[in-house]
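Working notes, beginning with the structure itself.
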Amino acid sequence: MDGNGRWALKRGLPRLAGHKAGTENLRRIIRACVEFGVKYLTIYAFSTENWGRPREEVNGLMRILEDVIDRELQELKDQGVQLRHLGRLDQLAPNLQEKVLFAVQTTEQNSRLIVNVAFNYGGRDEIVQAIQQMIRDGVPAAEVSPELVSRYLYTAGVPDPDLIIRTSGELRISNFLIWQAAYSEWYVTPTFWPDFGKEEFQKALKTYAERDRRYGKVAAPEYEGSNG
Ligand code: IPE
Ligand code: MG
């Protein structure tokens, strides 16, 4: 969800106004996911590197998460959304930890759409905690496989992303799902996140549907000669 700050700057507004507009847009995109039948949505809301931003912005982003849970939890429940958290919870304020856990617990029976909220998430941090846990569990070296590693990540049980959308035109992964994104398709748009609405989301899904995913292999026989 990139570009909130620049969206605000363009309008002469404080950065936090951009983050608020970003959460408004998130409601639209969640509704669109339910409508389009998307089963998993993962949003990158706060990275392990975002702690390095000015304190006022960090506090603002924490408050926004709190407000969103307070205001939106009921509607999310009604829509059949299951919330999951990806990242390190123990570094958040105790009351925020409780709120996140409450939101996760009260939606765990839902299955229409699973929304993974990556908050205080970092891909390298995720892999490090997985390795630490494998060592603590005494996993023998020979048993370490890609499938086992996947089961130790915050995303255990969640399929790898088919499509990753990056808004605001940046051409980098920024520590997002670095393990899981091995064969994800990308859609990069110059649109700032608060302006990335339902129409462009649909366009991204359409573009994705036309991709030929080969996973390092060759094209399916019926496509041979066209783009192999
Ligand atoms: C939102 O956009 C991403 C978050 C960390 C919440 P940015 O805050 O990175 O916006 P830009 O990149 O400054 O425009
Ligand atoms: Mg940014």
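The values are calculated or read from the model by the stated rules, or taken from the named source; none is laboratory data. Being a predicted model, the structure only gives us computed values, none of them experimental. Please note: Cβ atoms are built from the backbone with ideal geometry, for glycine as well, and neighbour counts cover all protein chains shown. Quick note on the areas: whole protein, heavy atoms, side chains included, nothing else; ligands and nucleic acids left out. Shrake-Rupley method; radii C 1.70, N 1.55, O 1.52, S 1.80 Å.
A few notes on this one:
- Test for residue 116: is it in contact with a Lys or Arg (Cβ under 6 Å, 6 or more places away or on another chain) and not in a helix (DSSP H, G or I): yes
- Looking across 93, 17, one residue alone is open to solvent by 20 Å² or more (accessible area, probe 1.4 Å), of a type in the set (A, V, I, L, M, F, W, C) and within 16 Å of ligand 1 (Cβ to nearest atom). It is 17.
Here's the yes/no breakdown for (1) open to solvent by less than 30 Å² (accessible area, probe 1.4 Å); (2) of a type in the set (S, T, N, Q); (3) more than 16 Å from ligand 1 (Cβ to nearest atom):
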{"residue": "5", "(1), (2), (3)": "yes, no, no"}
{"residue": "12", "(1), (2), (3)": "no, no, no"}
{"residue": "22", "(1), (2), (3)": "yes, no, no"}
{"residue": "31", "(1), (2), (3)": "no, no, yes"}
{"residue": "58", "(1), (2), (3)": "yes, no, no"}
{"residue": "71", "(1), (2), (3)": "no, no, yes"}
{"residue": "88", "(1), (2), (3)": "no, no, no"}
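- Residues being farther than 17 Å from residue 168 by Cβ, within 16 Å of ligand 2 (Cβ to nearest atom), in contact (Cβ under 8 Å) with a residue 12 or more places away in the chain and hydroxyl-bearing (Ser, Thr, Tyr) are entirely absent from the range 18-40.
- Tally, over the range 170-218, of residues that are outside any helix (DSSP H, G or I) and either over 18 Å from the mean Cα position of the chain (by Cα) or on the phi < 0 side of the Ramachandran plot (or both): 27
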